[in-house]
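Only one structure is covered here, and it is reproduced in the block below.
No lab work stands behind these numbers, since they all come straight from the coordinates. These numbers were taken from a predicted model, which means no experiment stands behind them. All Cβ positions, glycine included, derive from the backbone under ideal geometry; neighbour counts span all protein chains shown.
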Amino acid sequence: MELDETDRRILRVLQREGRISNADLSERVNLSPSACHRRVQRLEAEGILRGYVGLLDARKMGFPTTVFVEITLQAQADDVLDAFEKAVARVPDVLECHLMAGTADYILKVVAEGTEDFARIHRQYLTRLPGVAQMQSSFALRTVFKTTALPV
């Protein structure tokens, strides 16, 4: 699907203000409410606009610690990768898992209440993931900036 500049304006607004009314959105992007609604529905139907979420403050929710865990697997066979991916998707404290090119096979973004809580997560979940040969954890000292908005 080709995105025109109007689609991009809609997406820019919705990425930052997902709860905006259609009337306000249509005014911001210079469209009639019905045309704006049709475009949003098309963006949703095409899977470009995948959903709407409330973003929580991790600190205020009791998870001030972010840990990035690099994982190297014992092998690169499809069954090893599949088993790892299925198992890591069930770990509640893992927010993101990325298959990597480079020294590590995967990198995980994990949230924790602190170092003791991360030790629990490590012991209870991470060390039990299938196919893991090596792990290296790095604690984020401070989040400089964070966004969920893509450059459109």
Please sort by residue number the GluC sites (Glu not before Pro) in region 46-121 whose DSSP state is loop and whose Cβ has at most 16 other Cβ atoms within 10 Å.
-> E46, E113
Can you tell me the 0 to 90 degree angle between the C-alpha axis of helix 78-88 and the longest principal axis of the chain, rounded to 10?
-> 80
Roughly how many debye, to the nearest 20, is the charge dipole of the chain about its Cα centre, given +1 on each Lys and Arg Cβ, -1 on each Asp and Glu Cβ, and no other charges?
-> 520
Using only Cα atoms, locate the centre of region 54-88 and the centre of region 95-140, then give the distance between them in Å, rounded to an integer.
-> 6
So for the chain, what are the equivalent ellipsoid semi-axes in whole Å, largest first, each being the square root of 5 times an eigenvalue of the Cα gyration tensor?
-> 38, 20, 12
What list of ³J(HN,Hα) values in whole Hz, one per residue of region 104-113 in order, does the Karplus curve 6.51 cos²θ - 1.76 cosθ + 1.60 (θ = phi - 60°) give from phi, with Gly and Pro shown as x?
-> 9, 7, 9, 10, 10, 10, 10, 10, 8, 6
Calculate how steeply helix 115-124 sits against the longest principal axis of the alpha-carbon atoms of the chain, using the helix alpha-carbon long axis, and give the answer as 0 to 90 degrees to the nearest 10.
-> 70
Just add up the charged neighbours of I48: K/R +1, D/E -1, any other residue whose Cβ is under 9 Å from the Cβ of I48.
-> -1
Normalised by the residues of the chain, what does the relative contact order come to in percent, with Cα pairs under 8 Å and at least six apart?
-> 27
Neighbour-count ranking [beta-carbon atoms within 10 angstrom, fewest first] of D93, D82 | D82, D93
Fewest-first ordering of L108, L49 by Cβ atoms within 10 Å yields L49, L108
DSSP loop (so not H, G, I, E, B), at most 12 other Cβ within 10 Å: list which trypsin sites (Lys or Arg not before Pro) in region 58-152 pass both filters.
-> R59, K60, R90, R142, K146
Give me the distance in nm between label points sitting 7 Å out from Cα along the Cα-to-Cβ direction at T72 and L99, one decimal.
-> 2.0
Region 75-152: chymotrypsin sites (Phe, Trp or Tyr not before Pro) falling in loop per DSSP and having at most 11 other Cβ within 10 Å = F145
Computed lengthening from S32 to S138, 0.36 nm per intervening residue step minus Cα-Cα distance = 33.2 nm
With Cα coordinates, the longest principal axis of the chain makes an angle with the long axis of helix 5-16, in degrees rounded to 10, of 50
In this structure, the FRET efficiency calculated for R123 and E17 from their beta-carbon separation, with R0 = 41 Å, to the nearest 0.05, is 0.50
